[in-house]
Amino acid sequence: MTPALYEDVIGQERAVAALRAAVLRPVHAYLFLGPPGTGKRAAASSFAASLLCPDGGDHSGGELCDDCRRVLAGVHPDVVEVEREGAYIGIDAAREVTRVAAMSPVEGERKVVVLHDFHLVRDTGPALLKTIEEPPPTTVFLVLAEHLPPELVTIASRCVPVAFDPLSTGQVVRALEAEGVHPDRARQLAVASGGRLDRARLLAGDPQFESRRNAWFGVPSRLDGTGAAAAAVADELVGFLDASVEPLKARQAAEVADLAERNAKAAEVRGAGPSPKRAAKAALGAGVKDLEDRHRREQRRQRTDELRAGLATLASAYRERLVAASDSRRRAEAVEAVREIDRTVRNLEFNPGELLALQALMSRLGRIAADPVRKGA
Ligand SMILES: [Zn+2]
């Protein structure tokens, strides 16, 4: 069943009220600004629906209209989502923004372009400024960002800001409980996800989460300075990245089934029209490619996020060693290890491939900070 507009946006009454008011006279660009997992994506989806809805999204008490439903399902042709493929917003994504912004709406009088993760815009910012500043009158931009880096400041100044507040642990716990998660586990997940409801939800359906975290944390004691150990650890970590995508794939499969069911119903209706076979065929395929594209991007993003989270856990393991270190040589080793991990995180931008990056990192970590016990020191 499709939720009502904004029903899945938790604890953002101020932002939701602002967006409900804005739909009457929308401007050309909005900046949704707030930490990850605060509901920006869900709110953008509902706001986009209300912008394209013939009733301005006002379905209080009744069923959603066809436009609203298709926007929420992510299959409306006049909502274009631009997402990063790798760790940053690349020049390809920037070109895509400029291209789609110039196109006329397919169905109605308005088109909504949603720009995700724009705190990662980096040097593509200037190329995008003009497009976002002066879009065609039919285009509305929703720019989503977790914070405001210098590269985004000028773009942000051209947008109406909508602030999303961090969720408290209690709010995440209550949201998870309402979704059927056991109270004890809800509390664990809320803490482990750092108040990020999106990640907490994903972890709730991921039985391997804890063992993956432990494995990253245990890496330092497994590196003995040999290439064989480094290669084995890197292989295993890449295996964890694969495993972390499985819960997401399960959720996506449910979305595909949902769309197929809706399309089948539409095909039944349209199959009774003037050229039934063609119309029915078109209805069956509607939105399938968009959904598949979105799923592929979500999977790539999940891998990148998981890799970042893993590297952060690994860095925290070395920081603990730093605190516990009894002599200056050990302290220097731990500092150097954290530095190497930071370098790897920054280089994710250039995307040399996860396995290669991890192999290189593990062999360097093995050399500089091999387990002191095994060193016999
Ligand atoms: Zn509607």
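Descriptive notes on the structure:
- Residue check for Gly39: surrounded by 15 or more Cβ atoms within 10 Å (Cβ to Cβ), within 16 Å of the ligand (Cβ to nearest atom) and at positive phi: no
- The residue that is farthest from Leu311 (Cα to Cα), counting only those in the stretch 325-354 that are modelled with pLDDT of 90 or more and of a type in the set (A, V, I, L, M, F, W, C), is Ala332.
- Hey, Val75 farther than 14 Å from Phe141 by Cβ, within 15 Å of the ligand (Cβ to nearest atom) and not assigned by TED's automatic domain parsing to the domain that holds Glu292 or not: yes
- Any hit, the stretch 21-39, residues being more than 19 Å from Ala175 (Cα to Cα), among the small types (Gly, Ala, Ser) and either in contact with a Leu (Cβ under 7 Å, 6 or more places away or on another chain) or in a helix (DSSP H, G or I) (or both): yes
- Selected residue (criterion: farthest from Gly366 (Cα to Cα)) from residues of the stretch 305-335 that are surrounded by 16 or more Cβ atoms within 10 Å (Cβ to Cβ) and of a type in the set (Asp, Glu): Asp305
- A count restricted to the stretch 96-109 and to residues that are over 18 Å from Cys159 (Cα atoms) and surrounded by 14 or more Cβ atoms within 10 Å (Cβ to Cβ) stands at 5.
- Residue check, Lys130 among the basic types (Lys, Arg), outside the structural domain of Arg296 (by TED's automatic domain parsing) and modelled with pLDDT of 90 or more: no
- Screening Glu81, Glu63 for residues that are in the same structural domain as Pro137 (by TED's automatic domain parsing), of a type outside the set (Val, Ile, Thr) and away from the ligand (no atom under 16 Å from the Cβ) leaves exactly one candidate, Glu81.
- For the stretch 120-153, a residue qualifies if it is surrounded by 15 or more Cβ atoms within 10 Å (Cβ to Cβ) and of a type in the set (Gly, Ala, Ser), and the qualifying residues are Gly125, Ala145.
- Of all the numbered requirements in (1) among the polar types (S, T, N, Q); (2) under 28 Å from Val256 (Cα atoms); (3) touching a Ser or Thr at 6+ places or on another chain (Cβ under 9 Å), Ser50 misses one, and that requirement is (3).
- Taking residues in the stretch 93-111 that are in a helix (DSSP H, G or I), and partners anywhere that are of a type in the set (Gly, Ala, Ser), the pairs with Cβ atoms closer than 7 Å and at least 6 places apart or on different chains are Ala94/Ala127.
- Val75 vs. criteria among the β-branched types (Val, Ile, Thr) and either farther than 13 Å from Val112 by Cα or in a strand (DSSP E or B) (or both): no
- When each of Leu241, Leu248, Leu223, Leu237 is tested for being in contact with a Phe, Trp or Tyr (Cβ under 8 Å, 6 or more places away or on another chain) and either in the same structural domain as Leu307 (by TED's automatic domain parsing) or of a type in the set (S, T, N, Q) (or both), the lone residue that passes is Leu237.
- Among the residues listed as Ala48, Ala44, Ala4, Ala15, the single one being touching a residue at least 60 places away in the same chain (Cβ under 8 Å), of a type outside the set (S, T, N, Q) and in a loop (DSSP other than H, G, I, E, B): Ala4
- Test for Pro36: is it at pLDDT below 95 and under 24 Å from Ala4 (Cα atoms): yes
- Verdict on Phe164 being of a type in the set (Phe, Trp, Tyr) and either outside the structural domain of Ala17 (by TED's automatic domain parsing) or under 16 Å from Ile10 (Cβ atoms) (or both): yes
- The stretch 46-55, residues that are near the ligand (Cβ under 9 Å from one of its atoms) and under 21 Å from Ser104 (Cβ atoms): Ala49, Ser50, Leu52, Cys53, Pro54
The values are calculated or read from the model by the stated rules, or taken from the named source; none is laboratory data. Predicted, not measured: the structure shown is a model, and the values here were computed from it. With ideal geometry, Cβ positions are generated from the backbone for all residues, glycine too; neighbour counts draw on all protein chains shown.
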